[in-house]
Amino acid sequence: MDNSQAILAMAALAQPTRLDTFRLLVKREPEGIPAGELARLLDIPQNTMSAHLAILSRAGLIVGERHSRSIIYRADLDGFRAVIAFLLKDCCGGRADLCEPLINELIPCCPPKANADGRHHLP
């Protein structure tokens, strides 16, 4: 990932409806949500939702898959993971002890793994 890709993803999330949409899709993983249902759940017109979904899709944060006459949208967790990894790539200048609280908050279910030298690294 480069700066322009990261900026595109963060800009896509820097709008209330798109952020709400992405968070809702993350909550509904892995089944996803049809576009019309997303519009209904967020109480916005379908054409407006389509525009927001297009922006999130171009940013690599969601994917849509056609099922009959509807499109089911899902969060692209690999795309989102790439953004997070980009932001944390040089976390705390390699000082795992400084990064550990942040990592633990992001991944509360699984503690950071220790290297052979006992220092932690991102999973």
Report task. Among the residues of the range 7-52, write down those that are buried (at least 16 other Cβ atoms within 10 Å of the Cβ) and touching a residue at least 60 places away in the same chain (Cβ under 8 Å). Result -> 9
Requested in this report: Name the one entry in 20, 76, 43, 2 that is touching a helix residue (DSSP H, G or I) at 6+ places or on another chain (Cβ under 9 Å) and either modelled with pLDDT under 95 or at positive phi (or both).
Outcome: 2
Query raised in the report: Which of the residues that make up the range 45-62 are among the aliphatic types (A, V, I, L, M), over 13 Å from the mean Cα position of the chain (by Cα) and within 17 Å of residue 28 (Cβ to Cβ)?
Result: 49, 53
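The values are calculated or read from the model by the stated rules, or taken from the named source; none is laboratory data. All figures in this text were calculated on a predicted structure; none of them were measured in a lab. As a convention, Cβ positions derive from the backbone with ideal geometry for all residues, glycine included, and neighbour counts pool all protein chains shown.
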